[in-house]
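The values are calculated or read from the model by the stated rules, or taken from the named source; none is laboratory data. Remember, it's a predicted structure, so these values are computed and weren't measured experimentally. Here the Cβ is made from the backbone with ideal geometry for all residues, glycine too, and neighbour counts use every protein chain on show. Accessible surface is based on the protein model in full, side chains and every heavy atom, while ligands, DNA and RNA are left aside. Shrake-Rupley method; radii C 1.70, N 1.55, O 1.52, S 1.80 Å.
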Amino acid sequence: MIDGLMIGVNGLLAAQRSLDVVAHNLANVNTPDYARQRVVLKEAPPVTGFRPGQGAPAYGMGVVIQGIELMTDRFVEASIREQKSHMGSLTATADLATRIDEVLGRTDGGLGDSVSRFWGAWDQLALTPELMATRNGVLEAGQDLAGALREAKNMIDDVVAEADFRLRDQVDEINTLAEQVARLNGEIMSVHGRQGVAGDLITERYRLVNRLSELAGASLQVNDDGSADVLIPGGMLVGGSKASQIEVTTGPPAEIVWSDTGLPSATRGSTGAIRDALDGGFDDLYERYDLLANGIRTAVNALHAAGTDLDGTTGVDFFTGTGAGDLEVNAALTARGVAASASGPSADGNQAVAIGSLRVQAIIADPSDPTTPVATASASISNLVAEIGRRAQSAERRVESATAIGADLEVRRGEISGVSVDEELTDMLRFQRAYEASARVLTSMDQMLDTLINRVGVVGR
Amino acid sequence: MRVGDRVRYDSGLNALRDTQRQVDRIQRQITSGSRLQSAGDDPTGAAAVTRIRDGLAELASYERNIDDAQAYLGVGEIAVTSASNVLIRAQSLAAQSLNAGLGAASRDGIALELEGIRDQLVALANTDYLGRPVFGGYATSAVAVAGDGTVTFEGTTDGVQRRISPSEVMTANLNGEEVFGFDTAGDDVFAVLQRLADQVRAGDADAIRAESVKLNERTVTVQNMLGTLGSRIGRLESARTVAQDQKLSLDARRAAIEDVDLATAATELAAANQAYEATLLSIARIDSMSLLDFLR
């Protein structure tokens, strides 16, 4: 009967603990990424050892909690990490493409309109070559055009600078997360050593590693001692309870290296995508704007130099500069100095007509052959706008479809790891009844003991 | 398949976010009036719109040039018409002067009128359009009168060109040297008129007849110029019509790509709003029941 008391107590404790786990699950029904826990019950083995008499029957000592199981599917979780890495990369790429699209993908009031107005100003000048107003108009339109091209280059510079900043920021976050995961590994290992339960710690580690996957394309390798190594393409970021650090070199191009040795490392995910973009990803964009500026500058200057101005002098360079970033109207050029005349007299505006006709002439080269002009300025700008738009559009589309896949994976994880309130409440009923039953067992054992202790041997009293 | 509670809420939230984004996108289109917030919305369309805008600017240039050429030629036409009229009068005067019974006073009167016509022609020859001589090319004036009364051609024979279409350039001025006969040595209209006046005073019938022949030649030249002008102005009109038609069609293409059709957009907005409301309703229904309602 003493044994019976023990069995009853075991039952009570098991039911109590089980209820605790149910309560924990219910409390965390809304916690992001929470994986539910489940009590694993086992029969308590018979107590062996000294027993008076021989041939005593062996009976179990009630129930014992073997452990608390964390309900996860590591294959789904590995897929989720892979998906997050992919998403991190796609989102970073889409962000950059969208930023460029927002600043340079305008169809109204953009570069195209500035160039168009420039040609129009020369057409106006051709009608009244001696008027100061139309001469100044040409200078102003030229300044507007140069400004638009310089602005375009500056905006690309801004996006590049932003991307560089974000890369460094994210690498800092990666390092912080790596430290945290290492610390968690240490705690989990010691809990395992004590035969304890590390469910919540493991869930927290899962959360941190997910973010590392998104940022760096990290993958996870769980060891027998409960710790998990975090691997990035460049090597081991976290090994057990030890974390390595990465850093970004100054560049350009900025590279990711291990902090302690300076040897090259590599990441995927968001940082990988940004690093790749910074490594020449904007080169062709810069080149196209430079080709545009150079094509216009060369063609206009050539015709301008062949014309004469109001004072009969040959035209000087209209534009100065070497590319889009430094294109300017020649500071030495005045309204009188605009070479509108082809044959000399100020009433002759045919050179202005010729310059205005550059609108429909192929003066811009293509990156595939920078020395040969093949397209009009308008066609060149239109191709540029289309390219910018296409990159943004296809990047956005890839993000959308990846998001859908990611959502599906989360549903699959939820099937296994998610908390169902109905399920937990049913378990609660179950354990409640078990508690009541064990309590009744205790009462009954107690009554029997009471009879034995207090009522045996009291004959006639 | 187990369905955790969070999964249901998360699915609902995702759907809500998607429908909200749709509504927002359509609203932005309606308020801005443009389907293209940036090139990413329709890359091919954006490329086309960029080219179309330049094309429209090019057509606007041609229209400006056509307007200018038309005004230029219009001024020239008035001058040439007046010149033609006074030359016809001169012809009639010359015929009159052959009348045998005319006295010296009448002949003098005719001669004076002929000289007056010559002066009128000088003024007409120097007609200008916005400060430029219509008959004088790039010079500052077409003809000049020297101290002794001789009229010389001061202008140039350059043509003022105006591009009125991708394939056509129109000369907007007139060649004064040709119109007034300076290309015939010594027989320009002014010299002829002066000599005619002198001969009328002198009463030399043969000389008068000789000069009259030259006067007729000069008159024919001027009248031919009217024909040339007429055909040029006609070509301007058809160039203008073509440019305007092209402008309309380009703008229609641009609008088809860029502009929001309010009726369609309003319908899409209503549909998107409906989807949003339906999603809200379904989320509200997610947790209407659970075991908690049934336990004591």
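Among the residues here, B:Gly176 does not qualify as at pLDDT below 90, open to solvent by less than 50 Å² (accessible area, probe 1.4 Å) and either closer than 20 Å to B:Ser231 by Cα or within 14 Å of chain A (Cβ to nearest Cβ) (or both). State which residue is farthest from A:Ile381 (Cα to Cα) when the search covers only the stretch B:1-41 and only residues that are acidic (Asp, Glu) and more than 7 Å from every other protein chain (Cβ to nearest Cβ). Result: B:Asp18. Here A:Val419 meets the list (1) within 12 Å of another protein chain (Cβ to nearest Cβ); (2) open to solvent by 20 Å² or more (accessible area, probe 1.4 Å) almost entirely, failing just condition (2). In the stretch B:257-270, of all residues being assigned to a helix (DSSP H, G or I) and within 14 Å of another protein chain (Cβ to nearest Cβ), the one that is surrounded by the fewest Cβ atoms within 10 Å (Cβ to Cβ) corresponds to B:Ile257.
Identification of strands (runs of 3 or more DSSP E) wholly contained in the stretch B:80-188 with 3 or more residues that are under 18 Å from B:Arg218 (Cα atoms) and free of Cβ contacts under 8 Å to residues at least 60 places away in the same chain yields B:151-153. The set of residues from the stretch B:42-59 being within 32 Å of the chain's Cα centre (by Cα) and within 7 Å of chain A (Cβ to nearest Cβ) comprises B:Thr44, B:Ala46, B:Ala47, B:Val49, B:Thr50, B:Arg51, B:Arg53, B:Asp54, B:Ala57, B:Glu58. Selection within the stretch A:154-188: residues that are open to solvent by 60 Å² or more (accessible area, probe 1.4 Å) and farther than 30 Å from A:Asp283 by Cα. The member of this set that is farthest from the chain's Cα centre (by Cα) is A:Glu187. Inclusion of B:Thr219 among residues that are over 46 Å from the mean Cα position of the chain (by Cα), assigned to a helix (DSSP H, G or I) and of a type in the set (S, T, N, Q) is not warranted.
Every residue, every condition in (1) part of a helix (DSSP H, G or I); (2) surrounded by 21 or more Cβ atoms within 10 Å (Cβ to Cβ); (3) within 14 Å of chain B (Cβ to nearest Cβ), yes or no:
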site	(1), (2), (3)
A:Gln83	yes, yes, no
A:Trp122	yes, yes, yes
A:Pro129	no, yes, yes
A:Val138	yes, yes, yes
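Filtering the stretch B:179-192 to residues that are modelled with pLDDT of 90 or more and of a type in the set (A, V, I, L, M) leaves B:Val179, B:Val189, B:Ala191, B:Val192.
Of the numbered criteria (1) in a loop (DSSP other than H, G, I, E, B); (2) of a type in the set (Ser, Thr, Tyr); (3) touching a Ser or Thr at 6+ places or on another chain (Cβ under 8 Å), the one B:Tyr62 fails is (1). Taking (1) under 18 Å from B:Ala255 (Cα atoms); (2) among the hydrophobic types (A, V, I, L, M, F, W, C); (3) in a helix (DSSP H, G or I) in turn, B:Leu36 satisfies each apart from (3). All conditions but one from (1) aliphatic (A, V, I, L, M); (2) facing chain B (nearest Cβ under 8 Å); (3) not in a loop (DSSP other than H, G, I, E, B) apply to A:Ala365; the one that does not is (2). Taking the stretch A:223-241 as the range and being of a type in the set (D, E, K, R) and in contact with a helix residue (DSSP H, G or I) (Cβ under 6 Å, 6 or more places away or on another chain) as the test, only A:Asp225 passes. Selection of first residues in the stretch A:424-449 that are open to solvent by 70 Å² or more (accessible area, probe 1.4 Å) and of second residues that are part of a helix (DSSP H, G or I), restricted to Cβ pairs under 6 Å at least 6 apart or on distinct chains, gives the following pairs, ordered by first then second residue: A:Tyr435/A:Ala15. A Cβ distance below 7 Å, combined with a sequence gap of six or more or placement on separate chains, defines the contacts here; from the stretch A:52-78, residues that are within 30 Å of A:Leu220 (Cα to Cα) reach residues that are of a type outside the set (Phe, Trp, Tyr) and modelled with pLDDT under 90 in the pairs A:Gly67/A:Val197; A:Ile68/A:Val197; A:Ile68/A:Gly199; A:Leu70/A:Gly199. Each residue in the stretch B:130-173 was checked for being β-branched (Val, Ile, Thr), open to solvent by 20 Å² or more (accessible area, probe 1.4 Å) and under 23 Å from the mean Cα position of the chain (by Cα), and 2 pass. Selection of the stretch A:257-311 for residues being closer than 23 Å to A:Arg211 by Cβ, of a type in the set (A, V, I, L, M, F, W, C) and touching a residue at least 40 places away in the same chain (Cβ under 8 Å) yields A:Ala273, A:Ile274, A:Ala277, A:Leu278.
Looking only at the stretch B:210-229, residues that are open to solvent by 50 Å² or more (accessible area, probe 1.4 Å) and touching a Phe, Trp or Tyr at 6+ places or on another chain (Cβ under 9 Å) come to 0 in all. Looking at the stretch A:321-346, which of the residues that are touching a strand residue (DSSP E or B) at 6+ places or on another chain (Cβ under 7 Å) and surrounded by fewer than 21 Cβ atoms within 10 Å (Cβ to Cβ) is nearest to the other protein chains (Cβ to nearest Cβ)? Out of the qualifying residues, it is A:Gly344. Here the stretch B:239-251 is the region considered, the condition is being open to solvent by 60 Å² or more (accessible area, probe 1.4 Å) and either over 20 Å from B:Leu36 (Cβ atoms) or small (Gly, Ala, Ser) (or both), and the residue that is farthest from the chain's Cα centre (by Cα) is B:Ser249. Annotation note: Cβ proximity below 9 Å between a residue of the stretch A:132-143 that is under 13 Å from A:Val329 (Cα atoms) and a residue that is in a helix (DSSP H, G or I) and of a type in the set (Ser, Thr, Tyr) (sequence gap 6+ or interchain) occurs for A:Ala141/A:Ser114. Evaluating A:Thr72 against the criteria (1) part of a loop (DSSP other than H, G, I, E, B); (2) modelled with pLDDT of 90 or more; (3) farther than 30 Å from A:Arg398 by Cβ leaves one unmet condition, (3).
Taken over the stretch A:276-309, the criterion of being open to solvent by 30 Å² or more (accessible area, probe 1.4 Å) and touching a strand residue (DSSP E or B) at 6+ places or on another chain (Cβ under 6 Å) is satisfied by A:Arg297 alone. Number of residues in the stretch A:347-368 that are farther than 30 Å from A:Thr313 by Cα and open to solvent by 50 Å² or more (accessible area, probe 1.4 Å): the value is 2.
Checking B:Thr184, B:Thr152, B:Thr157 one by one, the residue that is within 14 Å of chain A (Cβ to nearest Cβ) and among the polar types (S, T, N, Q) is B:Thr157 and no other. Once the stretch A:369-416 is narrowed to residues that are touching a strand residue (DSSP E or B) at 6+ places or on another chain (Cβ under 8 Å) and crowded, with 19+ Cβ neighbours inside 10 Å, the residue that is farthest from the other protein chains (Cβ to nearest Cβ) is A:Pro373.
Residues of the stretch B:22-45 being free of Cβ contacts under 8 Å to residues at least 60 places away in the same chain and open to solvent by less than 40 Å² (accessible area, probe 1.4 Å), which ones? Across the stretch B:22-45, the qualifying residues are B:Ser38, B:Ala39, B:Gly40, B:Pro43.
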